[in-house]
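Enquirer: Below is a structure I'd like to ask you about.
Read-outs throughout are calculated quantities, based only on the coordinates presented, and are distinct from any laboratory measurement. These numbers come from a predicted model, not from an experiment. Don't worry about glycine lacking a Cβ; one is built from the backbone with ideal geometry, like all the others, and counts go over all protein chains shown.
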Amino acid sequence: MLKNRKITVAVTGGIAAYKACEVVRGLVKLGADVRVAMTENATRFVGPVTFEALSGHPVATTEWEHTPEGAMPHIELNLHADLLLVVPATANILAKAARGIADDLVSALILAHRSKVAFVPAMNCHMWRNPATQRNVEDLKRDGAHFIGPDSGFQACGDTGEGRMTEPADILDLLPGLFSEKPLSGRRVLMTVGPTYEPIDDVRGITNRSSGRQGFALARAARDLGADVTVVAGPVTVKRPAGVRIVPVTTAREMLGAVEGELDRSPYDLFIGVAAVADWRVADRLEGKWKKDAGLPQLRLVENPDILAAVGHRAGGPVTIGFAAEASDLLENAYAKLEKKGAAMIVANVARDALASDTNRVLVVTDGEVDEIGPADKDEVARKILYHAVDLLEEEYGPEDDL
Ligand code: CTP
């Protein structure tokens, strides 16, 4: 989504300016064409040469020098932008932007913007909480500006609270959503992701090779398409999506409990079961660590609850989508699972292709049709699966406008 996007990064004068270096580096790595402008104060924290090296272009620090093409920087840099990203955005620049003040390069750049503009605030928690700042943020939002963060946590000044700049990796995760249409806006999506872990004793257990990557890619795609997303996640180590609520669990029974708890609390429009739930657990979990001297443990396995089927057959439950990881007979198994799980759609793949891989190839199977997606990277597969979900939701609840 960010490949070949023209992004002007405006850096203002806060200690978080050093983190803007990582944002610029990440954007360039993702294929964006990045230009950088800095306030004079920002140059006290990080030298323009750093941004010049990272972006591969000269850095603008004043409106008094024309670009090599002879244009004024605040016009030229806007002409070249699909997005103006102000990172970090100080309380001062938010105040100036909200009032239309243009007394230096960056504030003039913001006033003259024609593209999307997004602010990534970073400031002391008392400055952030100040009603003046909150008023400015509200005004800017009303005028159509986007905001990423701020987060809460330890601050450079020693305080702890809201105002900390969102981490660069999360900013990069959230930016593609600014360019996405929002057919899932107003929809609530609940998902299960990752493996489950069923303990045998205190140190050993039954699990599987699911990485959670496809599930998190789906969560990101649903978030970018405008949904409010909650993920009940088994033990996963891959990076979690930003802007998505995560409920961590370990076992299948905990996963079912968390899913039912969510559905009991408030209605969801869509449930997607991506988790590779362990089919069995040990009936009598062993205490402590089983010693080899004690001989071979006699393990009796019992079946775990089927979470997808429980949701699919729930009266008044959400539209339900399941996954089917198969060794063979994809279509036949997918049709059988549609029925057995009470699902509106089954996404079937060859288990070997999907596990611990960045790419996937799937068949999307509903009552009426079969569509093939991929092989493609898991993000693209996720987006295409969700467009099928948009159709299902429209069939079930009517178009988005009726929300
Ligand atoms: N699933 C679930 N709870 C289980 C088992 C599976 O919610 N206890 C969900 C998965 O998240 C997936 C779908 O059911 O969306 C199918 O999972 P899969 O492992 O392919 O099928 P199983 O039902 O386990 O059947 P089998 O192993 O016999 O193919």
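Enquirer: Taking Cα centroids, how far is region 191-260 from region 134-181 in Å?
Expert: Their Cα centres are 25 Å away from one another.
Enquirer: Please state the charge dipole magnitude for the chain, taken about the Cα centre, from unit charges on C-beta atoms (+1 on K and R, -1 on D and E), reported in debye and rounded to the nearest 20. All intermediate terms of the calculation are to be shown ahead of the outcome.
Expert: On the way: 45 positive and 57 negative charges, 224 e Å.
It works out to roughly 1080 debye.
Enquirer: Here's another thing I want to ask about it. Quick one: Karplus J couplings for region 103-113, per residue in order, coefficients 6.51, -1.76, 1.60, θ = phi - 60°, nearest Hz, x for Gly and Pro?
Expert: Result, ordered by residue: 10, 7, 4, 5, 5, 5, 4, 5, 5, 8, 5 Hz.
Enquirer: Also, I was wondering about something else. With the cut-off at 1.5 for a/c, could you classify region 1-120 from its C-alpha gyration tensor as rounded, prolate or oblate?
Expert: In terms of gyration-tensor shape, rounded.
Enquirer: I'd like to compare 81-93, 380-392: which one has the highest average count of other Cβ atoms within 10 Å, and what's the full order after that?
Expert: Going from most to least packed, we get 81-93, 380-392.
Enquirer: Now for a different question. First select every other residue whose beta carbon is under 14 angstrom from the beta carbon of THR237; then total the charges, Lys and Arg +1, Asp and Glu -1.
Expert: +4
Enquirer: In percent, what relative contact order does the chain have, based on Cα pairs under 8 Å that are 6 or more apart in sequence?
Expert: Computed over the chain, the figure is 11 percent.
Enquirer: Determine, for VAL120, VAL282, VAL11, VAL302, the number of other Cβ atoms within 10 Å of each Cβ, and report the residues in order from fewest to most.
Expert: Ranking VAL120, VAL282, VAL11, VAL302 by Cβ neighbours within 10 Å, fewest first, gives VAL302, VAL282, VAL120, VAL11.
Enquirer: Report the antiparallel proportion of the DSSP beta bridges in the chain as a percent, rounded to a multiple of 5.
Expert: So the antiparallel bridges amount to about 30 percent of the total.
Enquirer: By average Cβ neighbour count within 10 Å, what is the ranking of 286-292, 139-145 from highest down? Let's see the in-between values first.
Expert: Details: 286-292: 10.7, 139-145: 13.9.
With the highest mean Cβ count within 10 Å placed first, the list reads 139-145, 286-292.
Enquirer: Hey, what angle do you get for helix 252-265 against the long axis of the chain, alpha-carbon based, 0 to 90 degrees rounded to 10?
Expert: 60 degrees
Enquirer: Provide the packing ranking of 214-224, 367-377, i.e. peptides ordered by the mean count of other C-beta atoms within 10 Å per residue, highest first.
Expert: Answer by packing, highest mean first, reads 214-224, 367-377.
Enquirer: Between TRP280 and residues 5 or more places away or on another chain, which pairs have amide H atoms under 5 Å apart, with H built 1.01 Å from N, and which residues are they?
Expert: ASN304
Enquirer: Here is a further query. Using +1 on the beta carbon of Lys and Arg, -1 on that of Asp and Glu, and nothing else charged, what's the dipole of region 132-251 about the Cα centre, debye to 20?
Expert: 400 debye
Enquirer: Kindly put LEU308, LEU111 in sequence by how many other C-beta atoms sit within 10 Å of each C-beta, fewest to most.
Expert: Listing LEU308, LEU111 from fewest to most nearby Cβ atoms yields LEU111, LEU308.
Enquirer: Considering Cα pairs under 8 angstrom that are at least six residues apart, work out the relative contact order of region 151-275 and quote it in whole percent.
Expert: So the answer I get is 29 percent.
Enquirer: Here's a follow-up. Taking the Cα atoms only, what angle lies between the long axis of helix 17-29 and the longest principal axis of the chain, rounded to 10 degrees?
Expert: That helix lies at roughly 60 degrees to the long axis.
Enquirer: Mind checking the log10 I(q)/I(0) for the chain at q = 0.10, 0.12 Å⁻¹? Debye, one equal scatterer per Cα, no solvent, two decimals.
Expert: For the requested q values the scattering log ratios are -0.77, -0.99.
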